Amino acid sequence: MEDFLQIAGTHYRSRLIVGTGKYKDFVETKQAIEVSGAEVVTVAVRRVNITDPNKENLLDYLDPKKYTILPNTAGCYTAEDAVRTCRLAREAGVGKMVKLEVIGDDKTLFPDILATLEAAKILVKEGFVVLPYINDDPITAKKLEDIGCAAVMPLAAPIGSGLGIRNPYNIRIILEHATVPVIVDAGVGTASDAAMAMEMGCHGVLMNTAIASAKNPILMAEAMRLGIEAGRKAYLAGRIPKKLYATASTPLDGILS
Amino acid sequence: MVAVDTVFFVPMKIKINGEEREIVAGLSIGGLLEQMQIRPGRVVVERNRNIISRDAYGGTMLSEGDTLEIVHFVGGG
């Protein structure tokens, strides 16, 4: 059965989107991403180190023809900075899809929703395909969808926390109302968290730390790929309802008397 | 004797990624990148808050006091 993650008309076979931060080196980054099966990969925009500009470049290890590069606006605290970062990213020639995150506070890294909405409006108008990082708040999700964002990306838990989905009920409400893909972004800790998001019906999961900071990132990348696949298949298969009492799985007919 | 190459060097101050640098006057963005050994295909350049497209690097001359941002992609989540 064909099953794709569809964002703004583009089909992706993998529902796992991975980040490229925190790896030991570019070789490990490349390996983990290959094993994860991800097709969309996030990157950040930063100043070139001008005292040593000849250092290797991330894109030497991640072929933009093979992967969809998804630039983020990590580290931006204002709508203006986020928009500026997206414009710079677009000029790099990797397409017009961006992960919009406007951070509200450096301890929680929770999004500044007012600034996110403001930036999203400008970016959508300029033709960007905007994937905003948001709280697990159905109202915010709806507003961003109405603005024209191509997906909404509620956090499972704070970025890098590994706490898993803290408020599955809110994610369910977001899912119920969204007509764009819902991608859980941030806070996933292990494969069961990713599987849970998929079992709930989320369209994708975006993660970085859970893989990159695992003791064995390559093995965790594989675990995440399998977790996403297992969760998605379970969702499509349709789980049994939860019941309080037992139902025998062995027939009672023909029992010895 | 002291080398005389510097006689023709007309210095000009610009800011690159927050750092003050002295460069030769009459240099284009393309020329500067070449001098800094930066591959133009891997970076994006912003001059005084305006993004300069890659095909304009060669024709964009730098002026005294310009502020440049040269950015590229790094690992991120």
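Observations
- Its alpha carbons give region A:81-153 an Rg and a Dmax of 11.6, 33 Å.
- Fluctuation leader among A:K55, A:K30, A:K242 - chain A, Gaussian network, Cα springs under 10 angstrom: A:K242
- Sites A:Y235 and A:L163, calculated FRET efficiency, Cβ-Cβ separation with R0 22 Å, nearest 0.05: 0.50
- Cα-Cα P(r), the protein assembly as shown, percent of pairs per 20 Å interval: 29, 49, 17, 4, 1, 0
- Here the relative contact order of chain A, from alpha carbon pairs under 8 Å that lie six or more residues apart, stands at 18 percent.
- Mean shadow area of region A:1-127 over all directions, Cα convex hull, nm²: 9.5
- Largest GNM mean-square fluctuation among A:I240, A:I33, A:I103, using chain A with Cα springs under 10 Å: A:I240.
- Cα-based Lys proximity count in region A:28-161, under 25 Å, for pairs eight or more positions apart or on separate chains: 24
- Backbone HN-Hα couplings from phi across region A:219-229 [Karplus 6.51/-1.76/1.60, Hz, Gly and Pro as x]: 5, 5, 4, 5, 4, 5, 4, 5, x, 5, 5
- In chain A, the calculated helix contribution to ellipticity at 222 nm averages -11000 deg cm²/dmol per residue, counting -39,500 (n - 2.57) for every DSSP H run with n ≥ 4.
- Fluctuation leader among B:S28, B:S53, B:S63 - chain B, Gaussian network, Cα springs under 10 angstrom: B:S53
- In order along region A:150-157, the Karplus-derived 3J(HN,Hα) couplings, from 6.51 cos²θ - 1.76 cosθ + 1.60 at θ = phi - 60°, round to 7, 6, 10, 10, x, 6, 7, 6 Hz, and Gly and Pro are given as x.
- Restriction of the trypsin sites (Lys or Arg not before Pro) in region B:5-54 to DSSP coil positions whose beta-carbon has at most 11 other beta-carbons within 10 angstrom yields B:R49.
None of the figures in this text is laboratory data; all of them are computed from the coordinates on show. The model shown is predicted, which means the values in this text are computed figures rather than measured ones. Neighbour counts run over all protein chains shown; Cβ positions are idealised from the backbone, glycine included.
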